[in-house]
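Heads up: the structure comes next, in structure tokens.
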Amino acid sequence: MRLIVVSDHSLVSEAVRMALASRGFEAVSLTPPSGRGGHRDFTMRVSRFGPAVGLLLCELEDRSLLRDAVATVSSVRIRWLLLTRSRDTAAWGALFEAGVSAVLPMTTNLDTLAGALTQEAAGRPVMADEVRVRALEAWHEESVQSRRVAGLMGSLTPREMAVLAMLHDGLTVKLIAQGANVSEGTVRSQVKSILRKLEVSSQLAAVAAYRQMREFALAVHDDE
């Protein structure tokens, strides 16, 4: 059976490829695509090889990594398994939506992995439907909340958005005021307006909302 092994870490993907070859799989290791040209090349290489299954090895510590994983899975219409340490249910949901069929932990042994790949190639379920449903629900809930936050962010003025970005970067009100050559009172008034518009009660909550908006944008937009 032919399959592709995809990872940012070529040594890891090559080690997995060699291990699977010892179980009779015909596999090639590839790095994830990047940019439009990279996606075209990746798609052409996969199409020429004609794999039955793709095995994606990746971590999902932040939404930029999730975006790249979603782009990889979406670039070719084959069956996919994800091998990861991440327990981020919402991120799993995004990848299920993109085309991943099942998620396995990095601790999976070779025999179990080989069996799962064989099952996947045959169209047999590898993981329980309830897990997929919960993950998809978590991703959709995150999407709704993040779009709501993005909508609230749209009510901020350019200056308020700049102040919020600086708060996110760790600057204090005093430093922001000094940088803009305005009084601390002016910046505090801007912060109060930000909190009111975002419907939160603290700077920490406002910064968290800003981070959520940025991470969600990274997760849903492909590289140009």
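The values are calculated or read from the model by the stated rules, or taken from the named source; none is laboratory data. The structure displayed is predicted, hence computed values, not measured ones. Here Cβ is always computed from backbone atoms with ideal geometry, including for glycine, and neighbour counts include all displayed protein chains.
Just a few scattered comments:
- Criterion applied to Val70, Val76, Val16 was being among the β-branched types (Val, Ile, Thr) and under 15 Å from the mean Cα position of the chain (by Cα), and the one residue passing it is Val70.
- Test: residue in region 47-54 that is touching a residue at least 24 places away in the same chain (Cβ under 8 Å) and touching a helix residue (DSSP H, G or I) at 6+ places or on another chain (Cβ under 6 Å): yes
- Beta carbons closer than 8 Å, at least 6 apart along the sequence or on distinct chains, pair a first residue in region 61-74 that is touching a residue at least 12 places away in the same chain (Cβ under 8 Å) with a second that is small (Gly, Ala, Ser) and not in a helix (DSSP H, G or I) for Glu61/Ser86; Asp68/Ser34; Val73/Gly54; Val73/Gly99; Ser74/Gly99.
- Of everything in region 177-199 that is surrounded by 14 or more Cβ atoms within 10 Å (Cβ to Cβ) and within 32 Å of the chain's Cα centre (by Cα), the residue that is farthest from Gly151 (Cα to Cα) is Val191.
- The number of residues in region 86-97 being in contact with a strand residue (DSSP E or B) (Cβ under 8 Å, 6 or more places away or on another chain) and either not assigned by TED's automatic domain parsing to the domain that holds Arg17 or not aromatic (Phe, Trp, Tyr) (or both) comes to 1.
- In this structure, Asp68 does not satisfy being outside any loop (DSSP other than H, G, I, E, B) and either closer than 20 Å to Leu20 by Cα or among the small types (Gly, Ala, Ser) (or both).
- Between Gly50, Gly54, the distinction of being crowded, with 21+ Cβ neighbours inside 10 Å and more than 30 Å from Leu198 (Cβ to Cβ) belongs to Gly54 only.
- Selected residue (only one of Val182, Val191 is touching a residue at least 12 places away in the same chain (Cβ under 8 Å) and β-branched (Val, Ile, Thr)): Val191
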